[in-house]
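Novice: Structure below; questions to follow.
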Amino acid sequence: MAGYQPMLAAMVVYFFRFQQKLNAVFPSPSADKEEANRQNNKKMIRSFGLAIGSVALGAFMMQTVPFLLREYLNLRLPFWFIYKQQVFTNVVSSWTLFVLSSFYR
């Protein structure tokens, strides 16, 4: 397995997708160069935050929530789930990136 590389690649791709969407929603003012740079920096930080937040949400849902349920509800996690947890984390994180980018404005 490639580890978490697919999740990181998806995060980079969707970072640029969020950047494109934010450029369409918040166009940069062309009169003042300093103001345009400030707006572009804000858009880059927002898109990076959206990408990191989506990956963190997906990782939280697949890494932490099942073990919290196991602890508090005395559930048993199947071996195949623990064995494939890295794959599930990649899929869920990529899915949250896709959903957020699809429905973001």
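Novice: Suppose the filter is open to solvent by 50 Å² or more (accessible area, probe 1.4 Å), of a type in the set (D, E, K, R) and in a helix (DSSP H, G or I); does ARG70 pass it? Spell out the reasoning first.
Specialist: On the way: open to solvent by 50 Å² or more (accessible area, probe 1.4 Å): yes; of a type in the set (D, E, K, R): yes; in a helix (DSSP H, G or I): yes.
Spelling it out, ARG70 is indeed open to solvent by 50 Å² or more (accessible area, probe 1.4 Å), of a type in the set (D, E, K, R) and in a helix (DSSP H, G or I).
Novice: Note down all Cβ pairs under 7 Å where the first residue falls in segment 8-31 and is in contact (Cβ under 8 Å) with a residue 40 or more places away in the chain and at negative phi, the second is open to solvent by 70 Å² or more (accessible area, probe 1.4 Å) and among the basic types (Lys, Arg), and they're at least six residues apart or on different chains.
Specialist: LYS21/ARG105; VAL25/ARG105
Novice: Continuing with the same structure: Just the residues that are touching a residue at least 12 places away in the same chain (Cβ under 8 Å) and open to solvent by 60 Å² or more (accessible area, probe 1.4 Å), please, taken from segment 48-62.
Specialist: Of everything in segment 48-62, those that are touching a residue at least 12 places away in the same chain (Cβ under 8 Å) and open to solvent by 60 Å² or more (accessible area, probe 1.4 Å) turn out to be PHE48, ILE52, LEU57, MET61.
Novice: Ok, one more. Considering only residues of segment 3-22 that are of a type outside the set (A, V, I, L, M) and surrounded by 15 or more Cβ atoms within 10 Å (Cβ to Cβ), which is farthest from the chain's Cα centre (by Cα)?
Specialist: Initial filter on segment 3-22 (of a type outside the set (A, V, I, L, M)): 3-6, 14-21.
Checking the rest, the ones that are also surrounded by 15 or more Cβ atoms within 10 Å (Cβ to Cβ) come to 4, 6, 14-15, 17-19, 21.
Details: TYR4: 13, PRO6: 12, TYR14: 8, PHE15: 8, ARG17: 12, PHE18: 10, GLN19: 13, LYS21: 15 Å.
Residue satisfying both the conditions and the ranking: LYS21.
Novice: For segment 73-105, enumerate the residues that are surrounded by 12 or more Cβ atoms within 10 Å (Cβ to Cβ), under 22 Å from the mean Cα position of the chain (by Cα) and assigned to a loop (DSSP other than H, G, I, E, B).
Specialist: LYS84, TYR104 - these are the residues of segment 73-105 that are surrounded by 12 or more Cβ atoms within 10 Å (Cβ to Cβ), under 22 Å from the mean Cα position of the chain (by Cα) and assigned to a loop (DSSP other than H, G, I, E, B).
The values are calculated or read from the model by the stated rules, or taken from the named source; none is laboratory data. This one's a predicted model, so the numbers in the text were calculated from it and none came from an experiment. All Cβ positions, glycine included, derive from the backbone under ideal geometry; neighbour counts span all protein chains shown. SASA here: full protein model, heavy atoms, side chains in, ligands and nucleic acids out. Shrake-Rupley method; radii C 1.70, N 1.55, O 1.52, S 1.80 Å.
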